[in-house]
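*Asks:* The structure under discussion is supplied below as C-alpha cells; questions concerning it will follow.
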Amino acid sequence: MKKIIPLAALALLAITAHAAPLKVVATIPDLGDIAQKVGGTTAEVYTMASGLEDPHNVLMKPSMISKLQQADLFIVLGLDLEHAYAPALLAESRNQKIQLGKSGYLDCAKGISVRDVPKSLDRSEGEQHAQGNPHYNLDPGRMKVAAGEIADRMGQLDPANAATYKANAQAFGAKLEAKFAEWKAKLAGKNIKFVSYHPDMVYFAERFGLTHVGTIQPKPGVEPGPRYIDELISKMKQEGVTLIAKESFYSDRLPGQIAKATGARVISVPIMVHGTKAASDYIAFIDALVNAFAGQ
Ligand SMILES: [Zn+2]
C-alpha cells in the first residue's frame, strides 16, 4: 500500500496541475525557497548558489545556462550581488524572456529600502556593494516584501494561478510574522555588540536591535592589512565588543587572531539558506542565525 498511495497522488497531480509549470531560476537559495513556497505545485524552481559559498562569487556551471534557457522567470536579489556570474550566464542563455528589463527578469531589490548606498563608486578597490548593501536576505521583513513581489510577477506570467501565488505569499508572510516575536524575544536584553567579517549583517542587526560595530574587511570584498586590524582591535576594546560573527565560508585565521587580542567569542554563521545543515529553509535559516547570536 505504501507504494501505491504516492503513485496515485502523483497521477492525480498530473491531471490537476497546470499544463506547463512555471519554470523559475533563482540565484540564491533564499529566493529559491521563497519562490517554491509562493509557486507551490505549479512552479518548478532551480537555484544557482548552494548556500555554502560567498554569494558574491558563485561558481558558474554549464547546467545553469541550460536552466536559464528554459526559464520563464529569473529572480535576483539585485544590487550587484550576482554581478560576478549572473549577467554572463544570462547573456549566454540567449533567452529573450528573462533578460534585464523583460517581464521574466525580477530584481527583488526594486521593492525594498536599501541601506549603505555609496555616494561615490570606485570598483578599483574591489568595492562589492556599489549599488548599496545587497544582503537584505538576512532581514525577514524585507524578504516578506520580496515574497509579495515574486507572487505579483508569477501572477503576471501565469494569470490562471495568480490568486494562488498571492495566497501562498500571504501565508508565508503570516508565518514570518508569527516568528518575529520569538526571534526578538531570544535576542532581547542581550545588548549584543559584534563585528562581522563582511558587511552582510547590517539589515539583520537593524531588524533585531543588535549593535554592528564594524567589519574585518575594511571595504566589501577587500582583505585588511595589519594596521587596519590593529585599529579594529582598539575599537572593539573601546566599545566592549564581545562577539565576532564569522560567515561560514571565510577562514578562521583573522577572526581567531582578533578574538585572541580582544577576548571576543567567534561564532560561525550562515548568511543564506543551506549555509549550515540547520538552515534548511528560510525560516530555519533565520532560526539558526538568531540561535547563534543568542548563544543557543
Ligand atoms: Zn556583500
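The values are calculated or read from the model by the stated rules, or taken from the named source; none is laboratory data. What you are looking at is a predicted structure, and each value in this text was computed from that prediction instead of being measured. FYI the Cβ positions are ideal-geometry reconstructions off the backbone, even for glycines, and counts take in every protein chain you see.
*Asks:* For the subset of segment 243-265 comprising residues that are surrounded by 16 or more Cβ atoms within 10 Å (Cβ to Cβ) and touching a helix residue (DSSP H, G or I) at 6+ places or on another chain (Cβ under 8 Å), which member is nearest to N191 (Cα to Cα)?
*Replies:* Only one residue fits best here, namely L243.
*Asks:* Just to be sure, is F194 within 27 Å of E127 (Cβ to Cβ), more than 16 Å from the ligand (Cβ to nearest atom) and of a type in the set (F, W, Y)?
*Replies:* Spelling it out, F194 is indeed within 27 Å of E127 (Cβ to Cβ), more than 16 Å from the ligand (Cβ to nearest atom) and of a type in the set (F, W, Y).
*Asks:* Only residues in segment 189-208 that are over 16 Å from K246 (Cβ atoms) count as the first member; pair them with residues that are in a helix (DSSP H, G or I) and within 16 Å of the ligand (Cβ to nearest atom), Cβ under 7 angstrom, at least 6 apart or cross-chain, and list the lot.
*Replies:* Y203/Y136; Y203/L138; Y203/R142
*Asks:* Is it the case that some residue within segment 25-34 is surrounded by fewer than 22 Cβ atoms within 10 Å (Cβ to Cβ) and away from the ligand (no atom under 16 Å from the Cβ)?
*Replies:* There is no residue in segment 25-34 that is surrounded by fewer than 22 Cβ atoms within 10 Å (Cβ to Cβ) and away from the ligand (no atom under 16 Å from the Cβ).
*Asks:* Please count how many residues of segment 200-220 are closer than 19 Å to P140 by Cβ and within 16 Å of the ligand (Cβ to nearest atom).
*Replies:* 8
*Asks:* Here's another thing I want to ask about it. Return yes when D107 is in contact with a strand residue (DSSP E or B) (Cβ under 6 Å, 6 or more places away or on another chain), more than 12 Å from the ligand (Cβ to nearest atom) and either over 19 Å from V24 (Cβ atoms) or acidic (D, E) (or both) and no when it is not.
*Replies:* For D107, the condition - in contact with a strand residue (DSSP E or B) (Cβ under 6 Å, 6 or more places away or on another chain), more than 12 Å from the ligand (Cβ to nearest atom) and either over 19 Å from V24 (Cβ atoms) or acidic (D, E) (or both) - is met.
*Asks:* Sticking with this structure for a sec: Please indicate, with yes or no, whether at least one residue in segment 170-185 is in contact (Cβ under 8 Å) with a residue 60 or more places away in the chain, assigned by TED's automatic domain parsing to the domain that holds N133 and of a type in the set (S, T, N, Q).
*Replies:* no
*Asks:* Evaluate the following for V273: is it in contact with a helix residue (DSSP H, G or I) (Cβ under 8 Å, 6 or more places away or on another chain), more than 16 Å from the ligand (Cβ to nearest atom) and free of Cβ contacts under 8 Å to residues at least 24 places away in the same chain?
*Replies:* The answer is no for V273.
*Asks:* Right, next: Is it true that I75 is under 15 Å from P55 (Cβ atoms) and more than 16 Å from the ligand (Cβ to nearest atom)?
*Replies:* yes
*Asks:* Among the residues in segment 55-68, are any touching a residue at least 60 places away in the same chain (Cβ under 8 Å), of a type outside the set (G, A, S), surrounded by fewer than 21 Cβ atoms within 10 Å (Cβ to Cβ) and at negative phi?
*Replies:* Scanning segment 55-68, I find at least one residue that is touching a residue at least 60 places away in the same chain (Cβ under 8 Å), of a type outside the set (G, A, S), surrounded by fewer than 21 Cβ atoms within 10 Å (Cβ to Cβ) and at negative phi, so the answer is yes.
*Asks:* Here is a further query. Do the conditions hold for F204, that is, is it in the same structural domain as F249 (by TED's automatic domain parsing), touching a helix residue (DSSP H, G or I) at 6+ places or on another chain (Cβ under 7 Å) and closer than 21 Å to V76 by Cβ?
*Replies:* yes
*Asks:* What are the pairs, 6+ residues apart or on separate chains, where a residue within segment 210-234 that is assigned by TED's automatic domain parsing to the domain that holds Y250 and touching a residue at least 12 places away in the same chain (Cβ under 8 Å) has its Cβ under 7 Å from a residue that is within 16 Å of the ligand (Cβ to nearest atom) and among the aromatic types (F, W, Y)?
*Replies:* T215/Y197; I216/Y197; Q217/Y197
*Asks:* One residue is enough: does segment 89-100 have a residue meeting the conditions at pLDDT 95 or above and exposed (fewer than 12 other Cβ atoms within 10 Å of the Cβ)?
*Replies:* The answer is yes, given that some residue of segment 89-100 is at pLDDT 95 or above and exposed (fewer than 12 other Cβ atoms within 10 Å of the Cβ).
*Asks:* I would also like to ask the following. Residues E182, E231: which one is out of contact with any strand residue (DSSP E or B) (no Cβ under 7 Å at 6 or more places or on another chain) and either farther than 24 Å from R115 by Cβ or surrounded by 20 or more Cβ atoms within 10 Å (Cβ to Cβ) (or both)?
*Replies:* So the residue among E182, E231 that is out of contact with any strand residue (DSSP E or B) (no Cβ under 7 Å at 6 or more places or on another chain) and either farther than 24 Å from R115 by Cβ or surrounded by 20 or more Cβ atoms within 10 Å (Cβ to Cβ) (or both) is E182.
*Asks:* Criterion first (under 16 Å from F293 (Cβ atoms), surrounded by fewer than 20 Cβ atoms within 10 Å (Cβ to Cβ) and within 16 Å of the ligand (Cβ to nearest atom)) does E223 satisfy it?
*Replies:* In short, no.
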